[in-house]
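Engineer: Supplied in structure tokens, the structure appears directly below.
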Amino acid sequence: MNQVITDGLVLMPPPFSDGLGVWSRQDGTPGSDTWASAANAGLVAADADFGSCLEILKTEGTTRLRYMGQTPIVPGLYLRVSARVKVLSGNLPTVRIAAFAANAAGQNLGGVVQTGPAITLTAYGEVVTVSAIIGTGARGGVTMPWGTGAAYGHMGLDLTGPNGGQVRIESIAVEDVTSAFLRKLMDWVDVKDFGAVGDGVTDDRAAFVAADQAAAGREVMVPAGNYFIGSSLTMLNPVRFEGRLVMPEDARLALNATFDLKGYSEAFGDEVTGLKKGIQQLFNQSDHEGFDLCGRRVILDAPIDVQAVVGNRNTYANRRVLRNGQLAAGSSTAWNDEVHTRTGTWSASDPRRITGLSNVASIPLGALVTAGQGVGREIYVTSKDVAGGRVTLSGALHGAPVTQAYTFTRFQYLLDFIGWQNLQRFVISDIEFLCAGTCSGLNLPLDGLVFQIQDCFFTGPKDRAITSAGEGCQGMQIDRCQFLSNEQGTDAPLRTTIAFNSNCSDIKVRDNRAVKFRHFGVIAGTGNILSGNHFFQGDGVTDGPRTAGLVICDSNAKTTFEGNYVDNCYIEWGNERDPEPDFNGGLSFHGLSLDGNIFFATGSAPWMNFILIKPYGSGHFINGLTVTDNLFKKTSGPQLLAVEGVDTTFATLNLGRTSDLLFTGNTYHGIVKRTENPVTVRHVEGTASSTWNVDLSDVAPFGSAVRGGVSFLAEGPLKSSSNFTVYLTPYAEPGQGAGGRTLQMKWQQPVRGTAQITARFDV
């Protein structure tokens, strides 16, 4: 940098031959005495060493020479003031560069050094150069630091020491020497200064390491070029990329000061490569807990196999976060589903395996399994034995035939974690998975714990938004996400997409919103909590069928469903992953709690039920179901017949064994049957009778028979047939009438009256 060139600064004083009227004998300020009238000075036209020069006979203790012009002092500008002098005769003096430091008002700037190092002249006729460096900054090599208060200077020199010497002085030189301080002044170092070639072939790693060590907190500059880095590289200081890096896939790049997609995209000149290299390093360092996409959109033309990108490990248990950006699917055949059909054999004794398969090697891990019979929803391949011709599944089949054709469909995901054998505490936050009907969103690892997806958008997934093909969903948390189907215009029964599924226990699904999927969730495993979600699945078909919003695959649910908005869909509870689906012991349908939810439908078929139990085998019963404080509402079209029901496609429920059923505190609108258990009804018997028939069909849950009378309290007196008040106590005979839904109150004699009667449909 040279401001004489770049900014047109005038620094150099005129030569003495132009006249001595601008050269002061004092401090150089206006009005001071000049050398033009001095008796002890004069111009020499042709000195053998200097050419034209000034000759002075030293007669004062300090003889001053100052240029009266104003030499500007600019922050960041460093000036070298120099002169060549020699003594012809007389006493040998001492010489030093000196200057008057002036502030903007033209006053002397006190407290700053205004003289340079002194040099004593030792021989006659010897040419000696004396110099000093002036600047605003107190840097090494600056002999006269003036600070930012200096505006200009009057440059020159002093002769000190004994008088009587005859001294000749060549013109004073003032030069911009800022370039000598460039490395200290600039906030970067250049890798090319340390030997980087940038030809894409030569390994420049050593040059990058050296530049990083020299930077000491400053930025490392990578100029235009392709820089091959042959092995893993760590850069501790910020790096500015004009060129790009080329690295082997297994070589890791640690940009510790710019660990985000912006830094890595600039490093490789490509956002996809930058994302992959950033993810690779995320699993191989401890300085950063997350990788930030900086709000950028990354267009992918193929799935990212996260474990393959990392490469050097397939298990990881430290918290790591991928956050803040958008992953979008570009046009590519790499997003096409991979489909294989094989004939295989299944046995209930080994219900999670299909054997006797040909060419197992071509069946991909994570493929969805479908077949004509016995295969439940969201069953995936978790491992395969090529030599043995068999695959292991994420869940058991239910009563499948011994041999049948199976279809294995592998969806393609923007982010695919299935290569991880065990991945724990990974978080995806504030990411939009923009599938646009081209691909699926996120595939979880085969095994792991507490995978978190929070504040994300899944927009238009072709097949699935979130898939768990194995047990990587253990303790999974899905919070505050938006799921927007690609099937908005498709009638509900024809939709195929699913927002999420799980195979393991203890998932938490909270405060999400899902629009028009076939299913919001397919859940296997127990110990689950779903709260604050809104999922709706209606269409424009008048009195049309609806699909299940939530599918619970295991009869032993142990699941709490609270504060959700179930909109134009329903909860389906079955045992489709039971290899021997007939009840032969255990808890049967147990442990589901539905509290404080909104169940709403408009334009749906009147036979739709908001709560549908679907036993896949005989003998099952309700053994622990709580339905409390919910709103059930139907608008537009005929009323719903009932909020609850049983799908008898495979079997019926044994309603005679119903126990621990609580169905109370609910609000009904547009519903024919107001289900309740226990139920309290007001019964009016207008004619004296020894048997009161209390019909409870319009409140019986799932059409159950009434199991017992709990209490009886008369409203006012009970009257005999002779109209006398009687004081009698009835006994109850439950299970009478059609379907056993009538409770009979038996009296010692005929009586009439009004009573509040409480009954139960469970034991």
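Coordinate-derived values only; no laboratory data. Just so it is clear, the structure is predicted and the values come from calculations on it, not from any experiment. Every residue, glycine as well, gets a Cβ built from its backbone with ideal geometry; the counts of neighbours run over all protein chains shown.
Engineer: Along the charge dipole of the chain, which of ILE418, GLY106, PRO303 sits closest to the positive end, that is, farthest toward it, with unit charges on the beta carbon of Lys, Arg, Asp and Glu (+1, +1, -1, -1)?
Structural biologist: Of the options given, the answer is ILE418.
Engineer: Would you mind ranking TYR570, TYR727 by Cβ crowding within 10 Å, fewest neighbours first?
Structural biologist: In increasing order of surrounding Cβ atoms, one gets TYR727, TYR570.
Engineer: Under a cut-off of 28 Å between alpha-carbon atoms, report the lysines in cross-link reach of LYS516, not counting same-chain residues fewer than 8 places apart.
Structural biologist: Within reach: LYS462, LYS508, LYS558, LYS614, LYS633, LYS634, LYS673.
Engineer: In whole Å, how far is the Cα centre of the stretch 399-477 from that of the stretch 147-171?
Structural biologist: Taking the Cα centre of each part, the stretch 399-477 and the stretch 147-171 sit 80 Å apart.
Engineer: Return the Rg/Rh value of the stretch 679-760, two decimal places, where both radii are evaluated on C-alpha atoms and Rh is the Kirkwood radius. Intermediate results must be reported in sequence, preceding the final value.
Structural biologist: Working: Rg = 12.4 Å, Rh = 12.7 Å.
Rounded to two decimals, Rg/Rh equals 0.98.
Engineer: Could you work out the helix-only [θ] at 222 nm for the chain, with each DSSP H run of four or more residues adding -39,500 (n - 2.57) and the total divided by the number of residues, to the nearest 500 deg cm²/dmol? Could you put the intermediate results ahead of the total?
Structural biologist: On the way: 6 runs with 44 residues, N = 763.
Helix contribution divided over all residues of the chain: -1500 deg cm²/dmol.
Engineer: Express in whole angstrom the spacing between the alpha-carbon centres of the stretch 716-743 and the stretch 261-313.
Structural biologist: 76
Engineer: Moving on to the next point. Report the net charge of residues surrounding ALA738, where surrounding means a beta-carbon distance below 13 angstrom and charges are Lys +1, Arg +1, Asp -1, Glu -1.
Structural biologist: Details: positive: ARG741; negative: ASP695, ASP698.
Summing Lys/Arg as +1 and Asp/Glu as -1 gives -1.
Engineer: Oh, and also: Taking only C-alpha pairs under 8 Å that are 6+ residues apart, what is the relative contact order of the stretch 333-491 in percent? Display every interim value, and only then the final one.
Structural biologist: Numbers: 432 pairs, mean separation 32.4, N = 159.
For the stretch 333-491, the relative contact order is 20 percent.
Engineer: Let me ask something additional. What does the charge count around GLY399 come to, taking other residues whose C-beta lies under 13 Å from its C-beta (Lys +1, Arg +1, Asp -1, Glu -1)?
Structural biologist: Working: positive: ARG577; negative: GLU576, ASP578, GLU580, ASP582.
With Lys, Arg at +1 and Asp, Glu at -1, the neighbours total -3.
Engineer: List the pair-distance distribution P(r) of the stretch 338-410, using every Cα-Cα distance, as the percent of pairs falling in each 5 Å bin from 0 up to the bin containing the longest distance, rounded to whole percents.
Structural biologist: The distribution over the stretch 338-410 is 4, 19, 35, 30, 11, 1, given as percents.
Engineer: Using 0.36 nm times the number of residues separating ASP660 and SER358, minus their current alpha carbon distance, what extension gain do you get?
Structural biologist: Values: separation 302, 0.36 × 302 = 108.72 nm, distance 4.88 nm.
Here the answer is 103.8 nm.
Engineer: Rg and Dmax of the stretch 541-580 over Cα atoms: what are they, in angstrom?
Structural biologist: In order Rg, Dmax, the Cα atoms of the stretch 541-580 give 12.7, 39 Å.
Engineer: Something else now. May I ask for the net charge around GLN114, where only other residues with Cβ less than 13 Å from the Cβ of GLN114 are counted and Lys, Arg are +1 while Asp, Glu are -1?
Structural biologist: Values: positive: ARG64, ARG66, ARG96; negative: ASP27, ASP158.
Neighbour charge sum, excluding GLN114 itself: +1.
Engineer: Something else: Does anyone have the angle between helix 205-215 and the longest principal axis of the chain? Alpha-carbon axes, 0 to 90°, nearest 10?
Structural biologist: 70
Engineer: Taking amide hydrogens as modeled 1.01 Å from N in the peptide plane, which residues meet the under 5 Å criterion relative to THR496, leaving out close sequence neighbours?
Structural biologist: Residues meeting the amide H criterion: ARG518.
Engineer: Can you tell me which lysines have their Cα less than 23 Å from the Cα of LYS719? Leave out same-chain residues fewer than eight positions away.
Structural biologist: LYS746
Engineer: Here's a follow-up. Assuming R0 = 45 Å, what is the FRET efficiency of ASN422 and VAL402, from their Cβ-Cβ distance, to the nearest 0.05?
Structural biologist: Numbers: r = 34 Å, r/R0 = 0.76.
Efficiency, rounded to the nearest 0.05: 0.85.
Engineer: Oh, and also: Normalised by the number of residues in the stretch 533-662, what is the relative contact order in percent for Cα pairs under 8 Å and 6+ residues apart? Walk me through the numbers before you get to the answer.
Structural biologist: Numbers: 347 pairs, mean separation 33.9, N = 130.
Taking the mean separation of contacting Cα pairs over the length of the stretch 533-662, I get 26 percent.
Engineer: Still on this structure: Obtain the nm distance between the two label points defined at ALA216 and ALA738 by a simple spin-label model: each point lies 7 Å from its Cα along the Cα-to-C-beta direction.
Structural biologist: Label-label distance for ALA216 and ALA738, simple model: 9.6 nm.
Engineer: Restrict the search to the stretch 249-307; then list the GluC sites (Glu not before Pro) that DSSP places in a loop and that have at most 16 other Cβ atoms within 10 Å of their Cβ. Present the calculation step by step, with values, prior to reporting the outcome.
Structural biologist: Numbers: sites: GLU249, GLU266, GLU271, GLU289; in loops: GLU249, GLU289.
Those that pass, being in a loop and sparsely packed, are GLU249, GLU289.
Engineer: When a footprinting reagent is the concern and you count Cβ atoms within 10 Å, what order do LEU9, LEU444 take, fewest first?
Structural biologist: Values: LEU9 17, LEU444 31.
Sorted ascending by nearby Cβ count, the order is LEU9, LEU444.
Engineer: May I ask you to list the aspartates and glutamates whose Cα is less than 14 Å away from that of LYS276, ignoring any residue fewer than eight positions away on the same chain?
Structural biologist: GLU249, ASP250, ASP260, GLU266, ASP292, ASP301, ASP305, ASP416
Engineer: Order these peptides, 474-480, 135-141, by their mean beta-carbon neighbour count within 10 angstrom, highest first. Walk me through the numbers on the way to the answer.
Structural biologist: Values: 474-480: 20.1, 135-141: 14.9.
By packing density, highest mean first, the sequence is 474-480, 135-141.
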